[in-house]
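No value in this document is a laboratory result; all are computed from the given coordinates. Remember, it's a predicted structure, so these values are computed and weren't measured experimentally. Here the Cβ positions follow ideal geometry from the backbone for every residue, glycine too, while neighbour counts run over all protein chains shown.
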Amino acid sequence: MSADPACPLCADVATALWRDGRCRVVLAGEARYPAFCRVVWQAHVAEMTDLADDDQQHLFRVVLAVETALRGLLAPVKVNLASLGNQVPHLHWHVVPRFVDDAHYPDAVWVAPRRAGVAHAVDVAVLAARLHELLG
């Protein structure tokens, strides 16, 4: 399937931390969660089962590499992985490092915050380099 001009993930021209011909890793641009990443499938498809088995495995490999990199760089207490697509039906995964002092912990980042919280940033250049090490 090709790009959908009405889709914000198809139109997103954010600089990727890492990319290949099938997917890309970008920062989500969430001020409270500066290390919140998205793994976005390049083609406009809605569900994991829209992908061939090898593409599914590739996407999971990238999601897990992002988790590995964030855990190694930030040592979060937990990493949340989510593939929702309710508002934007373009296959993507959220990879969110979580900390006991973040604004929403232990709740999901999409609910009302519990406190002001600490925004745990990651060095973008170091994260990108680590992703290149893990994924080539």
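What does the charge dipole of the chain about its Cα centre add up to, to the nearest 20 debye, if the Cβ of each Lys and Arg holds +1 and the Cβ of each Asp and Glu holds -1?
Values: 12 positive and 15 negative charges, 94 e Å.
Result for the chain is approximately 460 debye, rounded to the nearest 20.
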TODO: With a 4.7 Å Cβ cut-off, tell me which Cys residues in the chain come up empty for a partner.
DONE: 23, 37
- [ ] Considering the options 66, 43, 9, tell which one lies farthest towards the positive end of the dipole of the range 8-136, charges being +1 on Lys and Arg and -1 on Asp and Glu at the Cβ, about the Cα centre.
- [x] 66
Task: Residue-averaged 222 nm ellipticity for the chain, from DSSP H runs of 4+ at -39500 (n - 2.57), nearest 500 - done: -9000 deg cm²/dmol
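Once you order the gyration tensor axes a ≥ b ≥ c over the Cα atoms, which shape class does the range 1-63 get: rounded for a/c under 1.5, otherwise prolate or oblate by comparing a/b with b/c? Walk me through the numbers on the way to the answer.
Values: a/c = 2.02, a/b = 1.34, b/c = 1.51.
Oblate, since a/c reaches 1.5 and b/c is not below a/b.
Quick one: order 36, 99 by neighbouring beta-carbon count within 10 Å, fewest to most. Show your work: numbers first, answer last.
On the way: 36 23, 99 18.
With the fewest neighbours first, 36, 99 line up as 99, 36.
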